[in-house]
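Throughout, read-outs are computed from the coordinates displayed, never taken from laboratory work. This one's a predicted model, so the numbers in the text were calculated from it and none came from an experiment. All Cβ positions, glycine included, derive from the backbone under ideal geometry; neighbour counts span all protein chains shown.
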Amino acid sequence: MPGPGPAAAARLTAREQQVARLVAEGRTNPGVARALGLTTRAVELHLSRICRKLGVRTRRELEAALAGFAHFGTSDATSTEV
């Protein structure tokens, strides 16, 4: 089964993209929560939706899936600018 393509990543909300990038950088759920001003439970819920949308099951698979998407490596995940 092929991995997720850019279209799958495009379906992520802005917040899901922020969470995904921080997780792919190796942050823990509490670390992501602190960085984004969320609860750990909110991060867990975002991760559940991210994994479902991208068709991945583990953090390692998420990291590998995001490695192919250039826009995940070029923006500041903690930026609040619109």
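Laid out as a table, the results:
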quantity	calculated
Of all residues making up segment 46-57, the number that are loosely packed, with under 13 Cβ neighbours inside 10 Å and under 13 Å from Ala20 (Cβ atoms)	2
Members of segment 7-58 that are of a type in the set (D, E, K, R), more than 10 Å from the chain's Cα centre (by Cα) and in a helix (DSSP H, G or I)	Arg34, Arg41, Glu44, Arg52, Lys53
When residues of segment 17-54 are limited to those that are among the charged types (D, E, K, R) and touching an Asp or Glu at 6+ places or on another chain (Cβ under 8 Å), the one farthest from Ala67 (Cα to Cα)	Arg49
